[in-house]
Amino acid sequence: MNHPFAEYALSEPFVPSAFAWQPGMVLAGVDEVGRGPLVGAVVTAAVVLDPARPIEGLADSKKLTAKRREQLAELIRERALGWALGRAEAAEVDQLNIYHATHLAMVRAVQALPIDVEAVLVDGNRTPSFACPAEAVVKGDGRVPAIAAASILAKVARDAEMVALHRQHPDYGFDRHKGYPTAVHLEALRRLGPLPEHRRSFGPVAALIESN
């Protein structure tokens, strides 16, 4: 028997319960990338998939190779009914904290969509305040294709920003660790100091600034 929300279900069935879901509703999936890094923006994406143009292979972006993410991102941009990116810069992360900055970036992504949506599904266990009903979906990037698509677009976009930052500051190794607090990144941070793009409120960066 077909699951009533089968077109959106990946690893396990999922039906929205926080709002009155109906077949054919225009739903956006939303996800973020970049909560943990010490540098750069937190990047989000919102995606409205087209049931008439399915995309095979959508999955949690972390489980895909970089090459496959790029391939899928191109298909998502081509076939989705609508998609948009949102972001909160490092200074906003420092001002608001990462939780609130992430929610701000999610709202910005939904607001930037080229079409109106009736509801939003967000990866995680909490949702920002959108202008429409929303529901958080734990492990949503493995359960809802629109969320998986959003995770892919956000990951591809943020990784590209880290590669661009690497070209400006190659000694930090951003092309490898993408800003996460690896041993290579922490050693470079201690040796070279923080860049304007570093998040001053994050522990390793704050500790280094306080010690100088």
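The values are calculated or read from the model by the stated rules, or taken from the named source; none is laboratory data. Since we're looking at a predicted model, the values are computed, not measured. A quick note on method: Cβ atoms are made from the backbone with ideal geometry, for glycine too, and the neighbour counts reach across all protein chains shown. We work out accessible area using only protein heavy atoms, side chains counted, and drop any ligands, DNA or RNA first. Shrake-Rupley method; radii C 1.70, N 1.55, O 1.52, S 1.80 Å.
Accessible surface computed residue by residue for the chain, with neighbouring protein chains in place and a 1.4 Å probe, gives 49 Å² per residue. Counted over region 108-200 with a bin width of 5 Å, the fraction of Cα pairs per bin, in whole percents, is 3, 12, 17, 17, 13, 12, 14, 9, 4, 1.
Between Arg190 and Ser129, the distance separating the two model label sites (each 7 Å from Cα on the Cα→Cβ line) works out to 4.4 nm.
Orientation-averaged projection of the chain equals 12.0 nm² [convex hull of Cα atoms, one quarter of hull surface area]. Taken about its Cα centre, the chain carries a charge dipole of roughly 480 debye when the Cβ of each Lys and Arg holds +1 and the Cβ of each Asp and Glu holds -1.
Less than 5 angstrom separates the built amide H of Ala136 from those of Val122, all sequence-distant by 5 or more or on a different chain. Sorted on the mean count of surrounding Cβ atoms within 10 Å across their residues, most packed first, peptides 104-117, 56-69 read 104-117, 56-69.
Helix 66-79 and the longest principal axis of the Cα set of the chain meet at an angle near 50°. In terms of packing, defined here as the mean over residues of other Cβ atoms within 10 angstrom, the peptides 151-164, 177-190 line up highest first as 151-164, 177-190. Binning the C-alpha pair distances of region 161-204 at 10 Å intervals from 0 yields a P(r) profile of 30, 64, 6 %, listed from the shortest bin outward.
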